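Step one of this worksheet: look at the structure below.
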Amino acid sequence: MAGFWSRLSSTLRALEAIAADSRRLDEDALDALRALQYRLHWSSELLAGVEPPPGVRAGHEELADALVDARDATGEIAEAIQAGDHEAASGLLLEWRGALFRVRLARVRLTGEPAPAHEPPAEHAPRAAAATALTFLGVTAFAAGAVLLLWPIWAVGLALVAGGLLVYRP
């Protein structure tokens, strides 16, 4: 299965690179799309030949369904490009991206890989709060100085904003 996962990952990367830019949906991408569509078909056929362990049968079926949907969506995009209907290909783009995402999501659920965390670590929380407070006070002082036309208050506001930038470094 290691070869399966690496080939599937490279196929998804190539498809997502094409899907990322709608200007790439032209005749030049047609051969690559057909080859990548076949690789999705090959992946679904290979997956169909594997008997999953009892605990992951639902995830296995989800991945198989996602691969079929991605293959079909890729085929629809390729057919629209081949027909010369760029507007139809652009209209199918979001559905195609969704099908590719569904494959990635099914893989994550099946393999149990955790989703990447986008939250700052807990150790940065006090610094983040201090930086936010300094920035808020600085913006308030700067705005007050601008309204009252008092340059020392402007300078304090700028210094507080700069302090907020210096306090928090991710």
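The values are calculated or read from the model by the stated rules, or taken from the named source; none is laboratory data. This one's a predicted model, so the numbers in the text were calculated from it and none came from an experiment. With ideal geometry, Cβ positions are generated from the backbone for all residues, glycine too; neighbour counts draw on all protein chains shown.
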query: Which ones in the stretch 42-62 are without any contact (Cβ under 8 Å) to a residue 12 or more places away in the chain and small (Gly, Ala, Ser)?
result: Gly49, Gly55, Ala58
- request: Would you please name the residue that is nearest to Val167 (Cα to Cα), looking only at residues in the stretch 134-150 that are hydrophobic (A, V, I, L, M, F, W, C) and surrounded by 14 or more Cβ atoms within 10 Å (Cβ to Cβ)?
  value: Leu134
Residue satisfying all of: in the stretch 17-33; surrounded by 15 or more Cβ atoms within 10 Å (Cβ to Cβ) and assigned to a helix (DSSP H, G or I); nearest to the chain's Cα centre (by Cα) among these: Ala19
- prompt: of a type in the set (Lys, Arg) and within 19 Å of the chain's Cα centre (by Cα), is that true of Arg13?
  reply: yes
- request: For residues that are within 16 Å of Ser9 (Cβ to Cβ) and either surrounded by fewer than 16 Cβ atoms within 10 Å (Cβ to Cβ) or touching a His at 6+ places or on another chain (Cβ under 9 Å) (or both), tally how many sit in the stretch 36-46.
  value: 1
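Table: residues versus (1) assigned to a helix (DSSP H, G or I); (2) modelled with pLDDT of 90 or more.
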position	(1), (2)
Glu61	yes, no
Leu67	yes, no
Asp72	yes, yes
Phe101	yes, yes
Arg107	yes, no
Glu113	no, no
His124	yes, no
Ala128	yes, no
Leu134	yes, no
